[in-house]
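Notes follow once the structure below has been shown.
The values are calculated or read from the model by the stated rules, or taken from the named source; none is laboratory data. Quick caveat: nothing in here was measured; it's all calculated off a predicted structure. All Cβ positions, glycine included, derive from the backbone under ideal geometry; neighbour counts span all protein chains shown. Just so you know, the surface numbers come from the protein's heavy atoms only, side chains and all, with ligands and any DNA or RNA stripped out. Shrake-Rupley method; radii C 1.70, N 1.55, O 1.52, S 1.80 Å.
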Amino acid sequence: GQRISKCSERVEAYGAIDELQAHLGMARALVDDADVAACLLHVEERLYDVMAELADPEGGARVADEDVAWLEEQIDRYAPERFAFVVPGENRASAALHVARTVARRAERRVVALAQEEAVSANVLQTLNRIPDLCYAMAC
């Protein structure tokens, strides 16, 4: 109900998440694995709740502990046995997931900047912290 500048931290934050959602959709369109595609779709859908919570801070929590726990389960499911630095570009899907990973980190930084000025739920912050890890795990 209130008007805010298009360059406010809040609009920058949910705009970065909107960009992330689009990159996740691109990655989903490129992956061959139906389980990975379904997982990415679920993340995309949950990002609507993240954006809604950021857009309407008085509207209550929309991102729950269970959402963060689900992401952590998916990271464990797809994580490689050993961490290694990877040069993106193994294939189109992997490259798209790495782009989504970097966009997710930028979105996280935007929300952290917002959280320095206004209240942001821990679940939103944790969700945005876990998505890049999931993208990395899926890309490997």
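Scanning region 35-61 for residues that are touching a residue at least 40 places away in the same chain (Cβ under 8 Å) and over 14 Å from D18 (Cβ atoms) returns V36, C39, L40, P57, A61.
Do we find that Y14 is among the aromatic types (F, W, Y) and at pLDDT 95 or above in this structure? Steps first, answer last, please.
Values: among the aromatic types (F, W, Y): yes; at pLDDT 95 or above: no.
No: the conditions fail for Y14.
Applying the criterion of being open to solvent by less than 50 Å² (accessible area, probe 1.4 Å), hydroxyl-bearing (S, T, Y) and in a helix (DSSP H, G or I) to the residues of region 92-140, the residue that is nearest to P57 (Cα to Cα) is T127. Restricting attention to region 62-82 and to residues that are in contact (Cβ under 8 Å) with a residue 40 or more places away in the chain and not in a helix (DSSP H, G or I), the residue that is farthest from the chain's Cα centre (by Cα) turns out to be P80. For region 64-91, the candidate set comprises residues that are under 29 Å from E12 (Cβ atoms) and among the charged types (D, E, K, R); within that set, the residue that is least open to solvent (accessible area, probe 1.4 Å) is D67.
Got a sec? Which of A29, A61 is among the hydrophobic types (A, V, I, L, M, F, W, C), surrounded by fewer than 20 Cβ atoms within 10 Å (Cβ to Cβ) and over 23 Å from N91 (Cα atoms)?
Values: A29 fails: over 23 Å from N91 (Cα atoms).
None of the others qualify; the one that does is A61.
The single condition among (1) modelled with pLDDT of 95 or more; (2) surrounded by fewer than 20 Cβ atoms within 10 Å (Cβ to Cβ); (3) not small (G, A, S) that V50 does not satisfy is (2). Could you please let me know if V11 is closer than 18 Å to P132 by Cβ and of a type outside the set (S, T, Y)? Spelling it out, it is not the case that V11 is closer than 18 Å to P132 by Cβ and of a type outside the set (S, T, Y).
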